[in-house]
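To start, the structure under review is shown below, and the notes come after it.
Any read-out appearing in this document is the output of simple, stated calculations on the displayed coordinates, not a laboratory observation. In this text the structure is predicted, and so the values were computed from the model without any measurement. Please note: Cβ atoms are built from the backbone with ideal geometry, for glycine as well, and neighbour counts cover all protein chains shown.
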Amino acid sequence: MTSTKTSSNKRVIVIGAGPCGLPALKEMLAGGHDVTLYERSPTVGGVFASKAMYHDLHLTLSNWAMAYSDFPNNGPQCYPSGAEYLQYLKDYATHFDLERHIEYNIEVHSASLDNNNKWILEVQKDGKPRIEHADALIVATGAHQVPKGLPSQLSSFKGKVVHSSDYTEPFREEVRQKKLRVLLIGGGESGADVSADLGDLTPNTTVWLRRPNCFGPRYLTKHAEMPQVRGSKTERYAVNMFLESATTNRMSAAQNVFFYGFWRRLLWALPILNRQLSRACLDSTASAWLMNDQATYVTKNQRMCEAWEDGKIEVLVTPRVSAEGETVEFTMPDGSVQRRDFDVVVLCTGYTTTYPWLKIKDFNTDPRSWYLHCFPEKLGHCLFFSGYARPHQGGIPPWPKSNPATSASSSPTPATFPLTTPNEPTATDSPSENTTPSAPT
Ligand SMILES: Cc1cc2nc3c(=O)[nH]c(=O)nc-3n(C[C@H](O)[C@H](O)[C@H](O)COP(=O)(O)OP(=O)(O)OC[C@H]3O[C@@H](n4cnc5c(N)ncnc54)[C@H](O)[C@@H]3O)c2cc1C
Ligand SMILES: NC(=O)c1ccc[n+]([C@@H]2O[C@H](COP(=O)([O-])OP(=O)(O)OC[C@H]3O[C@@H](n4cnc5c(N)ncnc54)[C@H](OP(=O)(O)O)[C@@H]3O)[C@@H](O)[C@H]2O)c1
């Protein structure tokens with residue numbers, strides 16, 4: 001690890017070597033700053049290098065949509081596995097010679113501003129604490145690092161509870177051998193993948209969705225998704241390319257929202273689509289059907305719908321559940337009550353975004369309140385968040401690369417961090433834990 005200090009520029013610390021931290025490091029170096037990246041794990045890759053990469057995970061966006069603009073992931077359009085995408089991130093770090101600016105196995109425990117508006121960081125490496133100083137901080141610690149816990153309605157459930165970030169091979173083997181009775185919660189991408197996998201491991205899988213989810217197929221065909229995902233590396237689907245480009249924000253934003261909503265509904269009615277998928281999408285947007293693209297996030301994976309249609313899993317959609325011991329009671333919208341006993345609950349309920357180490361009083365953790373979804377109010381001269389604004393459609397990793405704030409740092413006029421006008425520093429008393437209230441958009 002070395003740093004290349006230039007006299008006129010800033011001392012910048014980037015926290016996190018995931019898909020958002022790496023381009024931030026690259027751009028700050030290109031801007032001539034003295035930059036070091038601190039990463040608590042022993043490798044680059046963030047989530048993609050962690051145990052959260054469950055069995056047979058493939059991206060729901062293609063190699064094209066998940067690539068950085070300065071490091072295209074060319075070749076036929078496909079949906080890389082988690083391991084393949086991790087290799088792409090490692091190649092990016094190698095290509096731009098980033099690793100010598102990264103310090104591994106070091107965790108940031110606290111960051112506060114002193115009276116001169118400089119950062120004081122308490123970090124720990126190999127159990128040894130030390131203090132670091134910086135002019136600016138780039139936070140890329142990830143929005144998907146802290147798993148959510150059991151929903152409060154099920155707090156009396158007495159069986160085992162496993163989060164999707166712990167969906168390990170030994171656990172899968174236990175489910176398969178004992179044919180465990182599993183309640184899976186959540187209809188996001190983890191839920192879609194894990195429910196389909198469980199459907200192959202045990203005949204006793206029930207999915208609970210608190211509301212209908214909207215699903216988008218990777219391929220516009222009636223065939224099962226995963227064989228196509230695995231085999232697509234040598235194939236090109238014109239329709240599929242169209243589907244991906246037509247559902248990105250740019251295309252949808254360019255259209256009249258009613259027109260877009262209308263043709264999306266027509267698409268869901270097509271007989272080539274999975275019936276459960278069509279039903280779920282129509283139900284999930286029923287209350288805002290002419291604005292259906294804005295009505296909800298789309299789970300870009302139809303595997304749950306396939307397993308549902310094939311009778312491998314049961315899906316119960318209701319907001320009302322309760323638990324006692326191993327029994328879970330579902331009160332359905334028609335008033336009927338369904339009871340099931342479960343050995344284990346698998347949580348595919350997502351993650352909480354939190355910055356417990358950031359010691360800024362009254363810090364507003366909502367990314368929507370930040371300038372460009374990156375610069376918090378009054379701290380734009382010294383604090384930048386990368387990767388917390390989840391795009392409605394499209395991948396998170398390419399976004400920080402194209403963000404004007406980081407790209408600006410490598411413009412012909414260097415030292416553009418700070419981008420915004422400094423305001424009065426905010427008091428640095430210890431706050432309560434900084435947690436983003438809900439999924440950022
Ligand atoms: C199973 C799964 C699959 C996903 N697939 C996709 C996908 O296909 N496409 C997509 O766009 N998004 C996907 N995501 C979302 C994904 O989290 C982000 O796209 C991506 O990881 C964001 O990168 P990041 O750099 O912001 O955060 P992360 O990848 O979470 O990296 C954050 C890094 O910061 C480090 N860190 C955290 N706190 C500290 C600290 N205090 N001190 C030092 N280091 C610290 C962590 O160790 C980690 O390496 C997926 C998420 C999950 C859980
Ligand atoms: N293959 C891939 O590319 C892949 C795989 C996995 C994850 N990811 C990404 O990783 C991120 C996290 O995905 P995720 O699927 O783990 O989580 P997620 O997208 O946040 O989805 C969580 C699901 O759990 C439900 N839920 C949350 N809290 C609940 C509660 N208290 N009670 C009942 N249901 C609850 C949510 O319902 P509501 O919709 O009602 O809130 C939602 O259906 C996303 O950005 C996703 O795109 C990608």
**Q.** Pairwise centroid distance, computed over Cα atoms, of the range 128-182 with the range 347-382, Å
**A.** 21 Å
Q | GLN153/ASP56 FRET efficiency (R0 22 Å; Cβ-Cβ; nearest 0.05) | A | 0.10
Q: Using a cut-off of 15 Å between beta-carbons, work out the net charge of the residues near PRO271 (Lys and Arg +1, Asp and Glu -1, PRO271 not included).
A: +3
Q) Leaving out same-chain residues fewer than 8 places away, which aspartates and glutamates sit with a Cα under 14 Å from that of LYS179? A) ASP197, ASP200, ASP341, ASP343
Q: Give the peptides 175-184, 15-24 in descending order of average Cβ contacts within 10 Å, highest first.
A: 15-24, 175-184
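Tell me the net charge near ILE106. Cut-off is 13 Å between Cβ atoms, ILE106 excluded, with +1 for each Lys or Arg and -1 for each Asp or Glu. Mind showing how you got there, number by number?
Numbers: positive: ARG40, LYS125, LYS128, ARG130; negative: GLU39, GLU103, GLU107, GLU122, ASP126, GLU132.
Net of charged neighbours comes to -2.
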